[in-house]
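Participant: Take this structure first; my questions come after.
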Amino acid sequence: EVFWAVAGSSLLNQVLKTYFHRLRPQSALFQQAGLSFPSGHAMIGLALYGCLAWILWRHRHHPAWAALLLLFALLIGLTRVYLHVHYATDVLAGFAGALFWLILVRTGLHLWWREREELMKNG
């Protein structure tokens with residue numbers, strides 16, 4: 001689950017960066033190579049920590065740890081804007097892309113598990 005969340009969001013991020021081809025802000029405190037939109041750090045960070053938060057919440061019932069992981073993902077995005085290596089819209093798009101991807105992965109895995117249970121039951 002975590003693998004698919006991170007790998008898929010990374011691939012989605014590269015596709016979107018290639019499609020939009022937005023350059024990074026010139027005012028960056030630390031110049032970075034690559035394109036700006038959407039923020040890979042924001043997207044992959046939320047995909048990873050959001051997936052881990054979901055697992056903690058769903059399976060181990062640790063809402064405080066889940067909230068901390070989500071806060072950490074949010075802080076990653078905020079630092080990208082603070083350092084001027086991304087525009088705020090880059091980070092928001094990264095978060096939106098990660099959320100979209102996580103919903104897609106969770107739905108796909110849920111359907112796969114349900115089909116597998118049906119096969120085992122009828123098997």
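Participant: Give the peptides 80-88, 11-19, 59-67, 112-120 in descending order of average Cβ contacts within 10 Å, highest first. Walk me through the numbers before you get to the answer.
Facilitator: Values: 80-88: 17.9, 11-19: 15.2, 59-67: 11.9, 112-120: 9.7.
Going by the mean number of other Cβ atoms within 10 Å, highest first, we get 80-88, 11-19, 59-67, 112-120.
Participant: With n ≥ 4 as the cut-off for DSSP H runs, can you work out [θ] at 222 nm for the chain, using -39500 (n - 2.57) per run divided by the number of residues, rounded to the nearest 500? Don't jump to the answer; show the numbers that get you there.
Facilitator: On the way: 4 runs with 90 residues, N = 123.
Theoretical 222 nm ellipticity from helices: -25500 deg cm²/dmol.
Participant: Just the Cα atoms of the chain, one point each, no solvent: what log10 I(q)/I(0) does Debye give at q = 0.15, 0.20 Å⁻¹?
Facilitator: Values returned for q = 0.15, 0.20 Å⁻¹ are -0.70, -1.04.
Participant: Assuming R0 = 41 Å, what is the FRET efficiency of Leu75 and Trp112, from their Cβ-Cβ distance, to the nearest 0.05? The partial results should precede the final answer.
Facilitator: Values: r = 33 Å, r/R0 = 0.80.
Computed FRET efficiency for Leu75 and Trp112 comes out at 0.80.
Participant: Still on this structure, please answer the following. Quick one: which of 93-101, 49-57 comes out on top by average Cβ neighbours within 10 Å, and what's the full order, highest first? Present the calculation step by step, with values, prior to reporting the outcome.
Facilitator: Details: 93-101: 21.7, 49-57: 19.6.
Highest mean packing first, the order is 93-101, 49-57.
Participant: Then there is this: Report the local net charge at Lys121: Lys and Arg +1, Asp and Glu -1, summed over other residues whose C-beta lies under 12 Å from its C-beta. Intermediate values should be presented prior to the final figure.
Facilitator: Numbers: positive: Arg114, Arg116; negative: Glu115, Glu117, Glu118.
Counting the neighbours of Lys121, the net charge comes to -1.
Every number in this text was worked out from the coordinates using simple rules, so none of it is lab data. If you're wondering where the values come from, they're calculated on a predicted model, not measured in any experiment. We place every Cβ from the backbone using ideal geometry, glycine too, and count neighbours over all the protein chains shown.
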